[in-house]
Amino acid sequence: MEPIAYQFKLTMNDYREMVFFSTFSFRKGQNIAVLIAWIAGSSAFLLDLAGIIELTETIHLCALMVAVTMPMLFVSALLRVRRFKRDGSAYRKRAHTVLLAKDGMQYRESGNYHTGKDNWDDIAYAFETSHLFMIFRTQNDAVLLPKRGVPEDLTEKTRVCLKEHLGVRFKIHCRAGSKNWKRTGKSGAAM
């Protein structure tokens, strides 16, 4: 496998997508299940407050927790994005280089003499969305590879590389990626 190189600068949209994805969308269908639970919990809580239904004290407390948790998660994600907008301007100005190779992933920022490296076994999971590849070492520590300005063949090579090295730890969360993977990835397309 020849190394795959990405050179880019992160944008606020890249960071925002990663934050909301890591908060709400790790699993397909998770958003729907969470939304249904929030609607049910909030409705039960409000109906109990209005005296239309009567919940036990325990169920009332559970409904309150469900009703409050979703807005808190949303606000928490917005605050993380706002903090990055305020404090991350120097980071966003740096050029980032990420190299995907047979033995792992290397990354470097302009102005930083140290190069980071992760073996493929050190990667917890990776996701492809319409705009990004997100490679997570932990739930809150990800290497982002923006697709903007990247030729389709490089996107396809990245998809094949991540599937080859991460297996089930790599998930595609976009239609274009799924179509391309079904068309070329299953046949073991060479890079």
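Scanning the range 1-26 for residues that are touching a helix residue (DSSP H, G or I) at 6+ places or on another chain (Cβ under 8 Å) and either farther than 21 Å from K147 by Cα or assigned to a helix (DSSP H, G or I) (or both) returns M12, Y15, R16, V19, F20, T23, F24. Once the range 27-52 is narrowed to residues that are free of Cβ contacts under 8 Å to residues at least 40 places away in the same chain and part of a loop (DSSP other than H, G, I, E, B), the residue that is surrounded by the most Cβ atoms within 10 Å (Cβ to Cβ) is R27. Under 6 Å between Cβ atoms, at least 6 apart or on separate chains: pull out the pairs that start in the range 80-106 with a residue that is at positive phi and end on any residue that is assigned to a helix (DSSP H, G or I) and buried (at least 16 other Cβ atoms within 10 Å of the Cβ). Within 6 Å, the pairs are G104/W120.
One line per residue, one yes/no per condition, for (1) of a type in the set (V, I, T); (2) farther than 30 Å from E164 by Cβ; (3) not assigned by TED's automatic domain parsing to the domain that holds R175:
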site	(1), (2), (3)
T23	yes, no, yes
Q30	no, no, yes
V34	yes, yes, yes
I39	yes, yes, yes
F45	no, yes, yes
D48	no, yes, yes
G51	no, yes, yes
T58	yes, yes, yes
C62	no, yes, yes
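Could you check the range 53-172 for strands (runs of 3 or more DSSP E) lying wholly inside it with 3 or more residues that are surrounded by 15 or more Cβ atoms within 10 Å (Cβ to Cβ)?
96-101, 104-109, 125-128, 132-138, 141-146, 170-172
Screening L61, L73 for residues that are free of Cβ contacts under 8 Å to residues at least 40 places away in the same chain and over 25 Å from R175 (Cβ atoms) leaves exactly one candidate, L61. Filtering M70, M18 for residues that are closer than 28 Å to D141 by Cα and in contact with a strand residue (DSSP E or B) (Cβ under 7 Å, 6 or more places away or on another chain) leaves a single hit, M18. Take V98 and decide whether it is outside the structural domain of L162 (by TED's automatic domain parsing), at pLDDT 90 or above and not aromatic (F, W, Y). No, not satisfied. On the given criteria, is V19 touching a residue at least 12 places away in the same chain (Cβ under 8 Å), farther than 30 Å from D103 by Cα and under 27 Å from the mean Cα position of the chain (by Cα)? So V19 fails the test. Evaluating A37 against the criteria (1) farther than 30 Å from E152 by Cβ; (2) under 19 Å from the mean Cα position of the chain (by Cα) leaves one unmet condition, (2).
The values are calculated or read from the model by the stated rules, or taken from the named source; none is laboratory data. None of the values given here were measured: they were computed from a predicted structure. We place every Cβ from the backbone using ideal geometry, glycine too, and count neighbours over all the protein chains shown.
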